[in-house]
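Data block below; observations after.
What follows draws every value from the coordinates through simple rules; no lab data is involved. A quick note: this is a predicted structure, and the numbers were derived from the prediction, not measured. When we count neighbours, we look across all protein chains shown, and the Cβ atoms used for this are built from the backbone with ideal geometry, even at glycine.
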Amino acid sequence: MMNSLKSTYWLSLCLTLLVALSACSKKGYVFTSFHEPADEGLRMLYSYDGYKWNDLDKIYLKPEIGEKKIMRDPSMVQGPDGVFHLVWTCGWKGEKGFGYANSKDLIHWSAEQFIPVLQQESNVINVWAPELFYDDQKKEFIIIWASTIPHRFAKGIEDEENNHRMYAITTKDFKTFTDTKLFLDPGFSVIDAVIVQRSAKDHVLVLKDNTRPNRNLKVAFSSDALGPYTGVSAAFTGKLTEGPTVVRLGKDWLIYYDAYGEKKYAAMKTSDFKTFTDVTSETIVPKGHKHGTIVKVSRKIIENLKKDKAN
């Protein structure tokens with residue numbers, strides 16, 4: 001009788017583990033990407049562990065909007081209805097807005113739209129690196145980006161046309177948007193900010209201090225996704241780093257970024273956003289990959305992308 005109970009226990013445990021492993025194996029990650037000079041369009045990488053990435057080596061969305069028709073910094077998030085939403089930088093200077101498109105499968109995309117921002121401002125230099133975040137508490141999408149409005153803030157050592165601050169709008173449907181609001185003024189030129197949710201009332205902002213000679217990555221903290229963010233940290237990367245994206249892997253977070261000063265793509269691991277470990281040597285990122293975001297997706301999405309590439 002005892003042996004029978006033990007056998008039943010171990011069989012049940014094994015089945016539980018198999019179910020858990022099966023559930024894990026049904027997920028993967030997609031990394032949005034672009035290659036310089038940013039005129040090709042949306043590329044994507046995929047991974048099953050978040051460390052080793054493979055290039056799908058295909059253009060999924062060719063930029064059709066903006067004066068120069070470029071696509072930089074593609075940022076993507078999946079909404080609660082399963083639809084993927086994508087925004088991107090569509091010009092170096094002069095564009096008072098950014099690109100937008102959506103997809104249900106990452107293969108077939110909607111018509112591209114130009115989302116205008118800062119229309120009330122007459123002298124906007126740029127709109128860079130729009131970043132998407134879905135706020136599940138307020139059931140809305142947040143879009144943040146960096147812009148320079150000359151003579152608006154104390155410039156420090158930066159030129160007036162390179163003194164960025166972060167701005168934000170929100171939307172529930174990508175049809176109507178709130179007015180643009182200042183999102184972050186840390187007292188220095190800032191770009192490439194990314195919102196990370198640790199819990200309902202705990203958010204981290206990974207950002208680039210764009211002042212010379214720093215140009216490195218820092219973090220700040222807030223109870224609300226829209227801020228205010230305070231407690232800006234010391235830099236956790238070396239100089240000349242930018243374009244962070246963050247993915248949660250188990251109990252840890254991986255922060256990928258472009259270490260352009262060293263001409264490499266790098267990664268830091270952290271469990272608390274206070275101490276960071278360089279894990280670049282543990283990662284594989286295809287050559288040519290530039291600033292994008294990582295989205296956790298079903299394995300079916302990845303397999304369909306791979307099949308589409310083969311066709």
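Observations, loosely collected:
- Surrounding net charge for Glu67, when Lys and Arg each add one and Asp and Glu each subtract one, Cβ distance under 10 Å: +2
- Residue with peak Gaussian network fluctuation, the chain [Cα springs, cutoff 10 Å], from Thr148, Thr230, Thr89: Thr230
- Correct choice for semi-axes √(5λ) of the Cα gyration tensor in Å that was computed from the model, options [x] 51, 25, 17; [y] 35, 23, 19; [z] 27, 25, 18: [y]
- Our helix-only sum for the chain, with -39,500 (n - 2.57) per DSSP H run of n ≥ 4 divided by its residues, gives a mean residue ellipticity at 222 nm of -4000 deg cm²/dmol.
- The angle between the Cα long axis of helix 2-25 and the longest principal axis of the Cα atoms of the chain comes to about 30 degrees, rounded to the nearest 10.
- Highest-MSF residue in the chain out of Asn102, Asn216, Asn123 [GNM, Cα springs under 10 Å]: Asn123
- Computed from Cα positions, the angle between helix 299-310 and the longest principal axis of the chain comes to roughly 70 degrees.
- Between Arg152, Arg299, Arg215, the Gaussian network model of the chain with springs among Cα atoms under 10 angstrom shows the greatest mean-square fluctuation at Arg152.
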